[in-house]
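The structure appears right after this line, and notes come after that.
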Amino acid sequence: MKAKKVKIKTRPGITDELIHDYLTQFGLIENYYIWGTPKLNIGIIYSLSYDNKIVTFLVEDDQLNGIYIRYLEKMGVPVFENSLECNEYEKALLEKANKKDDRKLKDTNP
């Protein structure tokens, strides 16, 4: 029995610039983080949105999700395999955002 060759589909039209433009609609790249297994390019993508809420970035297409994860990894986004570490990072990100908002309020209200 011969092994069947599988052709991996690529998406040459998806550039880093398109990915960046798409993802920054929801939040700054530095506010993204991933819970998953980076070597397999699988995981759940999270972001701190512009209104300081944690959002889950859901991608139904596994291949496209892998493309986003590889891009975010390349941009230095943290990847957590442990859910507790992921939760701690989320809390720290929210605290940092709330402190920044508090400073803005103090600056506008002398």
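Give me the distance in nm between label points sitting 7 Å out from Cα along the Cα-to-Cβ direction at D51 and Q63, one decimal.
Once both label points are built, they end up 3.5 nm from each other.
Taking all protein chains as present, what is the carbon and sulfur share of the accessible area of the stretch 14-105, in % to the nearest whole number, probe 1.4 Å?
Numbers: 3160 of 5870 Å².
It is 54 percent, rounded to a whole number.
Under the rule of at least 5 residues apart or a separate chain, name every residue whose amide H is placed under 5 Å from the amide H of F57.
Here I45, Y46, S47 satisfy the definition.
Could you check the simple spin-label distance between Q25 and A92, using points 7 Å along Cα→Cβ, in nm with one decimal?
Going by the 7 Å Cα→Cβ label model, 3.1 nm.
Out of residues 5 or more away from I14 or on other chains, whose amide H comes under 5 Å of its own, with H placed 1.01 Å from N in the peptide plane?
none
The values are calculated or read from the model by the stated rules, or taken from the named source; none is laboratory data. What you are looking at is a predicted structure, and each value in this text was computed from that prediction instead of being measured. Don't worry about glycine lacking a Cβ; one is built from the backbone with ideal geometry, like all the others, and counts go over all protein chains shown. For accessibility, only protein heavy atoms count, side chains too; no ligands or nucleic acids. Shrake-Rupley method; radii C 1.70, N 1.55, O 1.52, S 1.80 Å.
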